[in-house]
1. Under a point spin-label approximation (7 Å from Cα along Cα-to-Cβ), what is the residue 162-residue 42 distance to one decimal in nm?
2. Based on DSSP H runs of at least 4 residues, each adding -39500 (n - 2.57), what is the mean residue ellipticity at 222 nm of the chain after dividing by all its residues, to the nearest 500 deg cm²/dmol?
3. Any idea what angle helix 3-13 forms with the longest principal axis of the chain, computed on alpha-carbon atoms, 0 to 90 degrees, nearest 10?
4. Among rounded, prolate and oblate, which fits the stretch 88-209 when a ≥ b ≥ c are the square roots of the eigenvalues of its C-alpha gyration tensor, a/c under 1.5 means rounded, and a/b larger than b/c means prolate?
5. Taking a ≥ b ≥ c as the square roots of the eigenvalues of the Cα gyration tensor of the stretch 106-152, is the shape rounded (a/c under 1.5), prolate (a/b larger than b/c) or oblate?
6. For residue 132 and residue 2, what is the calculated FRET efficiency with R₀ set at 30 Å and r taken between the beta-carbons, to the nearest 0.05?
7. Over the alpha carbons of the stretch 1-122, what is the largest minus smallest coordinate on each principal axis, giving the biggest first in Å?
8. For a Förster distance of 45 Å, can you work out the FRET efficiency between the beta-carbons of residue 28 and residue 170, rounded to the nearest 0.05?
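No value in this document is a laboratory result; all are computed from the given coordinates. Source: prediction; values computed, not measured. Note that each Cβ is placed from the backbone with ideal geometry, even for glycine, and that neighbours are counted across all protein chains shown.
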């Protein structure tokens, strides 16, 4: 079995302690850094599929994402600058009044694993901060907004409405998600996309940024 395949399998198994060493071994043996990265991204795709099919759950997914992160740390210096964020930039945050971050963090990890550079604004993010972040990063392709409480759905609606009024609106796509959010609600408030879980969010982000 090739070293690259071993790296991929180790990520799927979530063995974060082993990944760094294996990535280093693959590089030492002359494997191409970008190839290793792509194999790791594919491995996270497999993890995402398993998650969607309820074969694994959030803890396993977090463990795999952590393993991925460890591998990327070793790879980063060997990648052509920008390869690790080659899919584009995404701004992520939980809307004002909402302090939930587990779902958002999971989405961030999965989207990073898909090759994006993620700018995480954290939780309880006021509308203005989202707008400022896009202005400060004119190359951002996607803004991801999360709301996990029914009480913060209005804040999500207001944030999307404010973003929709900006001059930069045609340059970005807005993704929304969170437990109470539905496709209907996303359509109603004028978002570009809704995804029910982190794995689909990563898939959707790739489509939107393409």
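1. With each label point 7 Å from Cα toward Cβ, the separation is 4.3 nm.
2. On the way: 9 runs with 115 residues, N = 210.
-17500 deg cm²/dmol, from helical runs alone.
3. Helix 3-13 and the main axis of the chain meet at about 50 degrees.
4. Here the stretch 88-209 falls in the rounded category.
5. oblate
6. So the FRET efficiency works out to roughly 0.05.
7. For the stretch 1-122, the Cα extents along the three principal axes come out at 50, 34, 21 Å.
8. The value I calculate is 0.45.
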